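A short write-up of the structure that comes next.
Every number in this text was worked out from the coordinates using simple rules, so none of it is lab data. Remember, predicted model here, so these are calculated numbers, not experimental data. We place every Cβ from the backbone using ideal geometry, glycine too, and count neighbours over all the protein chains shown.
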Amino acid sequence: MNKNKILLLYAHPSQRRSDVNQPMFEAARSLDYVTAVDLYGEYPRFKIDIDKEQQRLREHDVVVFLFPFYWYSTPAILKEWQDLVLEYGFAYGAGGDALHGKWFMCALSAGGNEQAYRAQGYNHFTLRELLQPLEQTARLTGMCYIPPFALFQSRTAKDENRLSTHIQDWLLVLKGLHTGAIDIDAAMALNKLNDNLDCVIGDVVREEQRND
Amino acid sequence: MTEYFLQAFIYLAAAVIAVPLAKRLGLGSVLGYLIAGVIIGPITHLVGEETTTIQHFAEFGVVMMLFLVGLELEPKKLWQMRSRLLGMGGLQVGLSAALLAAIALFFSQPWKAALAIGLIFSLSSTAIVLQTFEEKGLTKTEGGKNAFSVLLMQDIAVIPMLAFIPVLAAPDIAASSVSLKETAAHHNVSLVAGLPAWGYALVIVASVGALVLAGHYLSRPLFRYVASSGLREIFVATALLLVVGIAALMNLVELSPALGTFLAGVVLANSEFRHELESNLAPFKGLLLGLFFITVGAGINMQIFVEQYQLIIGLTVLVMVVKGLVLMGLALMFNIKGADRWLFALSLAQAGEFGFVLLSFSIQNHVFTSEFASVMQMVVALSMFLTPLLFIVFDRVVVPRFRRARQQRDKDTMHDDIHETGEVIIAGIGRFGQIVNRLLTANGMKTVVLDHETAQIDNMRKIDIQSYYGDTTRPELLDTAGIEHAAMVVVAIDNRESINTLVKHIKHAHPTVKVLTRAFDKGHSYELRLLGADYIVAETYHSALELGAKALEMLNIHPFDVEQKRHAFCQIEKEATEELYETWKHGSEGQRFDQNYRKLFIELEGKIKKAMLEDRLDQHNSSERGWTPPPKGYDEDLKNNER
């Protein structure tokens, strides 16, 4: 069985200050089934190579955005990437079926705590709701959207020793995406993937991950 | 005359044969020289009595070495070293001298002789240790730096010792050797003979003062004058003149020439001519030191050794163990850790060349009998002989042990490691190099700037940019500027041939060092690419593009459009350059810009023009492709798809 290849598009404009995303990127980079792309590193002047990026998309089965949550959205280069790479005739519209059937997921860190991201909280919307533009983009381009894998209160995660579990979960999710052992229906019901990883990712993967 | 040639031939041949062999066997050059000396001296008797004369001459190598050491040390750094210098160095000399003197007393030497022995053996060999450090790249390690402070303190301590030893004269030896005294007072020219103590002190202060002032104020105009002549050998002559002159002055006032030149070196450490001086003197220093080591080897008296080998070996081991223990203690006290502690203790455990000087001085002053002194001399020589072996112990036993320990530690803290970036050498500090240098230094990068225009260097120094005079195409200058530890060289000189020579040399001699270079034009950039430069930029390309873009803006094209067009221009140019380069490379010398190349170039122009035009026809094109709106009415299709 051919297992899924993951394209990880990482966007962080200040990597030396990164507590969460950078270690996640480093951890993913060592996996042979992940193609880890540092967008700010590759395109420091925002001159995104459209052909190269489209070719990358064609060669992978799963697309993951990894980023810190900036103003309820992605850092600028990921928006630039979408604007440029998801062309008419490639990602949507007449003949635009290059992404059909692929999986799409966001992995992000947010500064606020989870209680803030709900109708009663000061952010008024859940994370899932705020990411709706990306969810709809995935739908329009024919991709299967997987709810985000997120870490809240990311600024204090390192001090509070929440980071290593998060990275273990992250590797588990990547493994799940790779093997395809993700219960999409169960996942779709969640606000964020790590609310109930146990029921989303099968025991087999869990066992394999433990053995690695 | 024939005799001189023969002797010179023997010494050189011994060195040429023995040193590379010793290095190949991992013994280091010092041991190679020593072995060469033993072979031509006591074993084959190819050389004889004259070794002592040659040795006095060769000691000048030590003098030169200290001058070069001084050049590396700015006064500020010397001042920062003061606690290590006085504390650690002082304690080393004091403790070793006291302990060794006590042991001598225990072996029922008279107290005066015991004290002299203690002083003589407390010193270590600056020549061997620094030379070996340099060879093995240990100079900048913690152990190396501390060992250097101790050696420096010892060199300084030689002066009071020379003053003190006459006090230790034993009356009975003095009485039995009146004749010796006459030869001892020999034909040394001295300015200070017969001066009262205060007068002598005055002369010393005056000459050291003169040295510092002259070094500071006179050297620069002198060097600039010589440099402007453009004759390399005259610069070499000036450098030699300087060192010889200082040594002569110091001898005249009966100070240590080594210390005098060291001081002069420190004074000149800030000078822009530092690297040029270093590269000019280094070969002389190396050869003289080599000669010195050969004479040490040749001077070994086999007869005495055979007769008393048990005593000599016993004493040598005793001296080295005692000194090693004292050094170990100091290393603990001054918190030198790990492999550095061992390096510190093992490297300084021998007696040194100043031991020979003090021994002959002691004979002259009737502290010892000459028979006794020759046994002591053997001990000094043997301990020097054993030092390279201790370095081998360090390399083979100590380093691997600590490396394993460190690797383990590194593994544990993998995410915290900080990349150590080496220095950047910038060759040429004209209009181009200055901008590169400003960007790098503003970001905290360490740069070493070299230029062959003294005026340019002057200007740089006025605005506090560390820069040095020298012909950058000379390999030695790059060596002294530290290319060994450099991460990259930025070639920013403006002479096409010199750029090529420099790039070729660096890529040949230091293939791991990155070379970023400026090219005169396209053809030149191909040449540089062929020579292996890592990054090449035509010196006018980017500024011309910038200006061209501004021109388009002023012709009312939207700035963002201009930016896209500029980028597209660069992209096409870059791709086409590959093709042009291949054509150029396969063309024969002198015909590289042939018909074929010209055709390709015209094609390139066409391509660029087409790319720019496409935009106007509102098609997909490389300059604005990403923002091309979808066709009108596309939303109807999307709606249908949804159903």
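Key figures
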quantity: Average other protein chain Cβ within 10 Å of Cβ, residues A:88-101; calculated: 2
quantity: Förster radius 41 Å - calculated FRET efficiency between B:Lys585 and B:Ala13, Cβ distance, rounded to 0.05; calculated: 0.30
quantity: Residues of the stretch A:128-159 with amide N under 13 Å of a point placed 7 Å along Cα→Cβ from A:Arg17; calculated: A:155
quantity: The stretch B:485-610: C-alpha gyration tensor shape, a/c 1.5 cut-off, then a/b vs b/c; calculated: oblate
quantity: For the stretch A:6-211: rounded, prolate or oblate by the Cα gyration tensor [a/c cutoff 1.5]; calculated: rounded
quantity: Cα shape, the stretch A:131-212, gyration tensor, a/c 1.5 rule; calculated: oblate
quantity: Segments B:11-24, B:355-368 sorted - mean Cβ within 10 Å per residue, highest first; calculated: B:355-368, B:11-24
quantity: 13 Å reach of a label modelled at A:Gln120, 7 Å along Cα-to-Cβ, counting backbone N of the stretch A:170-206; calculated: none
quantity: Stretchable slack from B:Ala487 to B:Ala544, in nm (0.36 nm times residue separation minus alpha-carbon distance); calculated: 17.5 nm
quantity: Degrees separating the helix B:431-442 axis from the principal Cα axis of chain B, which is the longest one; calculated: 70
quantity: Long-range amide H partners of A:Val63 with built H, under 5 Å; calculated: A:Leu7, A:Trp103, A:Phe104, A:Met105
quantity: B:Glu578-B:Glu3 pseudo-label distance in nm [points 7 Å out on the Cα-to-Cβ vector]; calculated: 7.4
quantity: Pairwise label distance in nanometres, B:Ser228 with B:Ala163, each label 7 Å out on the Cα-Cβ vector; calculated: 4.3
quantity: Full-stretch length increase - B:Asn251, B:Tyr535 - with 0.36 nm per residue and alpha-carbon distance subtracted; calculated: 96.9 nm
quantity: 3J(HN,Hα) from dihedral phi, the stretch B:345-350, Karplus parametrisation 6.51/-1.76/1.60, rounded to Hz, x for glycine, proline; calculated: 6, 6, 6, 9, 6, 8
quantity: Förster radius 35 Å - calculated FRET efficiency between B:Leu218 and B:Met445, Cβ distance, rounded to 0.05; calculated: 0.55
quantity: 0 to 90° range, to nearest 10: angle between helix B:142-164 axis and chain B longest Cα axis; calculated: 30
quantity: Built amide H within the under 5 Å cut-off of B:Val449, gap 5+; calculated: B:Ile426, B:Tyr468
quantity: Volume per residue that the Cα convex hull of chain B spans, once the total is divided by residue count, Å³; calculated: 237
quantity: Debye equation applied to the C-alpha atoms of the protein assembly as shown, log10 I(q)/I(0) at 0.07, 0.10 Å⁻¹; calculated: -0.78, -1.14
quantity: Gap separating the Cα centres of the stretch B:1-39 and the stretch A:122-166, nearest whole Å; calculated: 73
quantity: All lysines inside 21 Å of B:Lys504 as judged from Cα atoms, apart from same-chain residues fewer than 8 positions distant; calculated: B:Lys514, B:Lys522, B:Lys585
quantity: Helical segments meeting 15 Å axial Cα length and Kyte-Doolittle -0.5 threshold in chain A (DSSP H); calculated: A:163-179
quantity: The stretch A:55-100 versus the stretch B:322-401: alpha-carbon centroid distance in Å; calculated: 70
quantity: Pairwise label distance in nanometres, B:Glu50 with B:Lys609, each label 7 Å out on the Cα-Cβ vector; calculated: 8.1
quantity: Residue exposure sequence - B:Ile313, B:Ile117 - by fewest surrounding Cβ within 10 Å; calculated: B:Ile313, B:Ile117
quantity: In degrees, nearest ten, helix B:29-38 long axis to first principal axis of chain B (Cα); calculated: 40
quantity: A:Asp169-A:Asp83 FRET efficiency (beta carbon distance; Förster radius 35 Å; 0.05 resolution); calculated: 0.65
